[in-house]
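Reviewing the structure listed below.
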Amino acid sequence: MITTVLAFLFTLGVLVVVHEYGHYRVAVACGVKVLRFSVGFGRVLWRRQRGAGATEFVVCALPLGGYVRMLDEREGEVAPHERHRAFNRQPLLARAAIVLAGPLANLVLAVLLFAAAHWIGVQEPQAVLGGPVAGSPAERAGLRAGDWVRAVAPDGGDWHDVASLPDFGWQLTQAALHRQTLQLQVSDRDGSHQRLLRLDLSGLTPAQVDSGLSRAIGLTGAYSAPVLGEVKPGGAAAAAGLRQGDRVRSIDGTAVADATALRERIRADLVAGRPVPQQWSVERDGRVMPLTVTPRPYRDGGVLVGRIDAYVGGPPAMVTVRQGPIEGLRQGAARTWELSALTVKMLGRMVVGQASLKNLSGPLTIADYAGQSVHQGLAYYLGFLALVSVSLGVINLMPLPMLDGGHLMYYIFEAVTRRPVSDLWLARLQRGGIVVLLTMMSVALFNDVTRLLGLH
């Protein structure tokens, strides 16, 4: 819990400081006087100022954001000798550059963080797939348990080598957004028997391009061998004579392809709520032996399923994904661009109702993921930090009055009409922007709570 809180606060601190430093640095370069650089809101906890007239740097009690306060005649009296340093007196391009600098700083940070994660290297599951869901697009494409996806290409596009299962998931998301057919170059787990498959994603709806995309396609995750882990003493598995390390070859004469198929068979084999004996073929120490296993009934969320009181499934094959300095930077820039485009598309689809509002996440989800990524290692945390930095940069460019994108819209209006937006319309747009932001925050917080309670 403490790690999660500290990781969350550090994440917010880094992203807010970088965002506001972008505004600050360009404002100073344009000759604007910066009065205060604040991390957080509310009561001041720490203050530093080099001298009278210098920028005041503060850290405040509420860490959910920050701001840079500049000299501005619209916010108070400005001495005649300093009017040339007021923000509102700057040329239009200078004002736009100052406002744009914050989101751009977050995007540049994301490039560097992704690059650093690539340089360090991360352990990720190899792109060896578990058995597809029956009747799904994955099964219709010809995928089967143990297939290793080596490369992918959209129809008419270039081939892309698949480094890991998350990399394959990213390629799937891109193809699904464009409703493309994805060509797959796959082989067996040992690299033999290569073949070419076509995964048709044109039947997916925009609403399905979310966190549940893999299930919609019919993918069940990384391949896990149908072996048994720890066996609980006195349970159904122990009573049948099963041991840790046993590999299940078949049940009632039907071959078991992977751990997913094994779990489904164990859970489903009940008749009128009563367990049914199963004839298992098990490999142990190079020998194959028959065993009779009777799963015990267990109520899971109101549904009666079978259990054997043993851990089912072996660990997935892992691969280290690491890149050199130049390639890491290139990949960092590419991933930042792709994530920015994906964020814009998802926000647009949520606005028009083509994507679920459940995709919005708030501070509780960010805190949870921050804690998880810290436990996984530095490279994972840097990747998480980059992801949030992209989101912060893109969301701040939304054309809402309270955000940087709203101010840029004002400047576009001023550039076209040769006059600024009137105070009356500024007030109206400000009120409307507050309503939209509060609504988004409420939905995000509601999604956070339902996720934590397991209701999503």
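The values are calculated or read from the model by the stated rules, or taken from the named source; none is laboratory data. Everything numeric here is computed off the predicted structure, so don't read it as measured data. Counting neighbours? That spans all protein chains shown, and the Cβs are built from the backbone with ideal geometry, glycine included.
Is at least one residue of the range 90-112 surrounded by 18 or more Cβ atoms within 10 Å (Cβ to Cβ), farther than 29 Å from THR336 by Cα and modelled with pLDDT of 90 or more?
yes
Of all residues being outside any loop (DSSP other than H, G, I, E, B), at pLDDT below 90 and surrounded by 11 or more Cβ atoms within 10 Å (Cβ to Cβ) in the range 269-287, which is nearest to the chain's Cα centre (by Cα)? Just the residue, please. Write out each step before concluding.
First pass over the range 269-287, keeping only residues outside any loop (DSSP other than H, G, I, E, B): 270-271, 274-275, 278-284, 287.
In the following step, the residues that additionally are at pLDDT below 90 were identified as 270-271, 274-275, 278.
If we keep only those that are surrounded by 11 or more Cβ atoms within 10 Å (Cβ to Cβ) as well, we get 270, 275, 278.
Details: LEU270: 38, PRO275: 40, GLN278: 41 Å.
If we take residues in the range 269-287 being outside any loop (DSSP other than H, G, I, E, B), at pLDDT below 90 and surrounded by 11 or more Cβ atoms within 10 Å (Cβ to Cβ), then LEU270 is nearest to the chain's Cα centre (by Cα).
Out of ASP188, ASP161, ASP147, I need the residue that is modelled with pLDDT of 90 or more, within 24 Å of the chain's Cα centre (by Cα) and acidic (Asp, Glu). Which one? Even if it seems obvious, please write down each step before you answer.
Working: ASP188 fails: within 24 Å of the chain's Cα centre (by Cα); ASP147 fails: within 24 Å of the chain's Cα centre (by Cα).
Selected residue: ASP161, the only one of ASP188, ASP161, ASP147 that is modelled with pLDDT of 90 or more, within 24 Å of the chain's Cα centre (by Cα) and acidic (Asp, Glu).
Six or more apart or on different chains, Cβ atoms under 6 Å: show the pairs whose first residue is in the range 1-15 and closer than 18 Å to PHE57 by Cβ and in contact (Cβ under 8 Å) with a residue 24 or more places away in the chain and whose second is part of a helix (DSSP H, G or I) and polar (S, T, N, Q).
Close Cβ pairs (under 6 Å, with a partner that is part of a helix (DSSP H, G or I) and polar (S, T, N, Q)) amount to LEU15/SER389.
Report the residue count in the range 238-268 for those that are on the phi < 0 side of the Ramachandran plot and in a loop (DSSP other than H, G, I, E, B).
Residues in the range 238-268 being on the phi < 0 side of the Ramachandran plot and in a loop (DSSP other than H, G, I, E, B): 7 in total.
Taking the range 1-49, which residues are surrounded by 16 or more Cβ atoms within 10 Å (Cβ to Cβ), outside any strand (DSSP E or B) and over 31 Å from the mean Cα position of the chain (by Cα)?
ALA27, CYS30, VAL32, LYS33
Select from the range 1-52 the residues that are farther than 25 Å from ALA86 by Cα and either of a type in the set (Phe, Trp, Tyr) or in contact with a His (Cβ under 6 Å, 6 or more places away or on another chain) (or both) and list them in ascending order.
Result: PHE8, PHE10, TRP46.
Which one of these is more than 24 Å from the chain's Cα centre (by Cα), farther than 30 Å from LEU199 by Cα and assigned to a loop (DSSP other than H, G, I, E, B): ALA101, ALA52? I'd like the intermediate steps shown before the answer.
Details: ALA101 fails: assigned to a loop (DSSP other than H, G, I, E, B).
The conditions single out ALA52.
Among the listed residues VAL34, VAL14, VAL28, which satisfies the condition of being closer than 30 Å to SER373 by Cβ and touching a Ser or Thr at 6+ places or on another chain (Cβ under 9 Å)?
Answer to the selection: VAL14.
Would you please name the residue that is surrounded by the fewest Cβ atoms within 10 Å (Cβ to Cβ), looking only at residues in the range 318-346 that are over 30 Å from SER224 (Cα atoms) and aliphatic (A, V, I, L, M)?
So the residue we want is ILE326.
Of all helices (runs of 4 or more DSSP H) completely enclosed by the range 136-237, which ones contain at least 1 residues that are surrounded by fewer than 20 Cβ atoms within 10 Å (Cβ to Cβ), in contact (Cβ under 8 Å) with a residue 60 or more places away in the chain and acidic (Asp, Glu)? If you could, list the steps in order and put the result at the bottom.
Details: elements: 137-140, 165-177, 213-217.
Ranges flagged: 137-140, 165-177.
Quick test for you: out of GLU82, GLU73, pick the one residue that is part of a loop (DSSP other than H, G, I, E, B) and either in contact (Cβ under 8 Å) with a residue 12 or more places away in the chain or under 33 Å from the mean Cα position of the chain (by Cα) (or both).
Selected residue: GLU73, the only one of GLU82, GLU73 that is part of a loop (DSSP other than H, G, I, E, B) and either in contact (Cβ under 8 Å) with a residue 12 or more places away in the chain or under 33 Å from the mean Cα position of the chain (by Cα) (or both).
Being modelled with pLDDT under 85 and aliphatic (A, V, I, L, M) is the filter here; which residues of the range 361-386 pass it?
LEU364, ILE366, ALA367, ALA370, VAL374
Which of the residues that make up the range 113-124 are under 28 Å from TYR223 (Cβ atoms) and either among the acidic types (Asp, Glu) or crowded, with 19+ Cβ neighbours inside 10 Å (or both)?
Hits for the range 113-124 are PHE114, ALA117, HIS118, VAL122, GLU124.
Within the range 280-333, how many residues turn out to be small (Gly, Ala, Ser) and out of contact with any Lys or Arg (no Cβ under 8 Å at 6 or more places or on another chain)?
Looking only at that region, the number is 8.
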